[in-house]
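The values are calculated or read from the model by the stated rules, or taken from the named source; none is laboratory data. Everything quoted here is computed from the prediction, not taken from an experiment. Neighbour counts are summed over all protein chains in view; Cβ atoms, including those assigned to glycine, are modelled from backbone coordinates with ideal geometry. The area values use the complete protein model at the heavy-atom level, side chains included, leaving out ligands, DNA and RNA. Shrake-Rupley method; radii C 1.70, N 1.55, O 1.52, S 1.80 Å.
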Amino acid sequence: MSPRAPDLDSLLGGAVFGSERDRLARVHEALVRAGSPPVLPGSLAQPPVVGAPPVRRARAARPRRRLRPAAVAATVAAAAAVAAFVLLSGGEGPRRAVAMHGTATAPRAHADLRIGARDAAGNWLLTMRVRGLPPLPAGAYYALELTRKGRIVVGCGTFKTHPGTTVVRFDVPFRLGGYSGWVVRREQPQRRPGPTLLST
């Protein structure tokens, strides 16, 4: 036996009159004739009690995603690497970095060459940090050179070192895409070129 439909007056509480009540009465009668839907949800099995506060269902709490330690460590490491990269380059944001390793003649030497942006005149701004190349006697110096297919093609500049890390800056006007590598050699005037100490 289906439950009896609530009376319109009990639903309205006597607060609606005239044409508005007539319109609501027609809607009420249409709903009563239509009957219940084919599949009635359990929450609507009984008619609502007039004046009762609406029942709110508690929203299921979403499970909190836990960050894996490896993901956290990777994020922190990436942020630290970006910050160090900008700080070491003077805040200009170098285009790329090239690692240089020591040859058999200088196995403990190493350097990183950071290529910055081009200036208004078209020079590439380079910053090289060198470690492991000993200070040279008077008249001797180190030379940074570009290579193509293993052969030295053009020089980029000369420098000297001091104990610890030496920071050297160069301005290079060449198109760097036309070369395949970099080397550092020890040079001395009026003598044959010295051995290669650093290479890419």
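Listing for the model above:
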item	result
Test: Arg151 is surrounded by fewer than 15 Cβ atoms within 10 Å (Cβ to Cβ) and under 35 Å from the mean Cα position of the chain (by Cα)	no
Hits in region 161-191 (condition: over 20 Å from Ile115 (Cα atoms) and not polar (S, T, N, Q))	His162, Pro163, Gly164, Arg186, Glu187, Pro189, Arg191
Where a residue in region 114-131 is free of Cβ contacts under 8 Å to residues at least 24 places away in the same chain and its partner, wherever it lies, is surrounded by 15 or more Cβ atoms within 10 Å (Cβ to Cβ), with Cβ under 8 Å and at least six apart	Arg118/Trp124; Arg118/Leu125
Qualifying residues in region 99-148 (those that are assigned to a loop (DSSP other than H, G, I, E, B) and β-branched (Val, Ile, Thr)) - the one most open to solvent (accessible area, probe 1.4 Å)	Thr105
Check on Thr200, β-branched (Val, Ile, Thr), closer than 15 Å to Thr103 by Cβ and open to solvent by 20 Å² or more (accessible area, probe 1.4 Å)	yes
Residues of region 107-152 satisfying the condition of being in contact with a Leu (Cβ under 9 Å, 6 or more places away or on another chain) and aliphatic (A, V, I, L, M)	Ala109, Ala111, Leu113, Ile115, Ala117, Leu126, Met128, Val130, Leu133, Leu144, Leu146, Ile152
Unmet requirement for Val153, which otherwise passes all of (1) assigned to a loop (DSSP other than H, G, I, E, B); (2) within 24 Å of Gln190 (Cα to Cα)	(1)
Complete set of residues in region 156-200 that are among the aliphatic types (A, V, I, L, M), assigned to a strand (DSSP E or B) and farther than 16 Å from Val130 by Cβ	Val172
